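**Student:** Have a look at this one before I ask anything.
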């Protein structure tokens, strides 16, 4: 299934942030993403975050890229807010990869499709500025990958 290209307006997200790499995430001893999401839900940050926007989704926002998919990046897990943001998703064009099915398995599979897509389409360039995961339910998400 080919991703859909769409323009995304800028929006802000508040939540918890960590810095990691894809290499670190491959080792349970150094992985930071799953514990960050665990903390987000355990502390009910979805319900506790002030200045929430009307958008009911949870977000995982990738930013602060050191280089490309092999470099370090920041991940902020949180909710859309009208003020007090930890990170702002940049406006621009994004390729949208659906991740339907039980999370996190569907999201991990969608990331595999992202990497395969860009390997197969070198003419499409990632921006490596902001990318994000948008979670509508425990079984429905989408990955938004910023492109030039």
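The values are calculated or read from the model by the stated rules, or taken from the named source; none is laboratory data. If you're wondering where the values come from, they're calculated on a predicted model, not measured in any experiment. Using ideal geometry, Cβ is built from the backbone for each residue, glycine included, and neighbour counts are taken over all protein chains shown.
**Student:** Please go through (1) farther than 22 Å from residue 103 by Cα; (2) modelled with pLDDT of 95 or more for residue 38 and return the number of the only condition it doesn't satisfy.
**Tutor:** That leaves (1) as the condition not met.
**Student:** Separate question: Taking the options 74, 27, name whichever one is out of contact with any strand residue (DSSP E or B) (no Cβ under 8 Å at 6 or more places or on another chain) and under 27 Å from residue 119 (Cα atoms). Before you say what the answer is, go through the steps one by one.
**Tutor:** Values: 74 fails: out of contact with any strand residue (DSSP E or B) (no Cβ under 8 Å at 6 or more places or on another chain).
Testing whether each residue is out of contact with any strand residue (DSSP E or B) (no Cβ under 8 Å at 6 or more places or on another chain) and under 27 Å from residue 119 (Cα atoms) leaves just 27.
**Student:** Right, next: Please enumerate the residues belonging to region 137-148 that are in a strand (DSSP E or B), more than 11 Å from residue 103 (Cα to Cα) and more than 10 Å from the chain's Cα centre (by Cα).
**Tutor:** Residues satisfying the conditions are 146, 147.
**Student:** Residue 97 is checked against (1) at pLDDT 95 or above; (2) more than 12 Å from residue 60 (Cβ to Cβ); (3) out of contact with any helix residue (DSSP H, G or I) (no Cβ under 6 Å at 6 or more places or on another chain) and fails just one. What number does that condition carry?
**Tutor:** Of (1) at pLDDT 95 or above; (2) more than 12 Å from residue 60 (Cβ to Cβ); (3) out of contact with any helix residue (DSSP H, G or I) (no Cβ under 6 Å at 6 or more places or on another chain), only one is false for residue 97: (3).
**Student:** Scan the strands (runs of 3 or more DSSP E) fully inside region 13-100 and keep the ones with 3 or more residues being surrounded by 15 or more Cβ atoms within 10 Å (Cβ to Cβ) and touching a residue at least 60 places away in the same chain (Cβ under 8 Å).
**Tutor:** Values: elements: 58-63, 73-81, 87-89, 92-100.
In region 13-100, the matching strands (runs of 3 or more DSSP E) lie at 58-63, 73-81, 92-100.
**Student:** Restricting to region 1-12, name every residue that is surrounded by fewer than 16 Cβ atoms within 10 Å (Cβ to Cβ) and not in a loop (DSSP other than H, G, I, E, B).
**Tutor:** First, pick out the residues of region 1-12 that are surrounded by fewer than 16 Cβ atoms within 10 Å (Cβ to Cβ): 1-2, 4-7, 9-10.
Within region 1-12, 4, 5, 6, 7 qualify.
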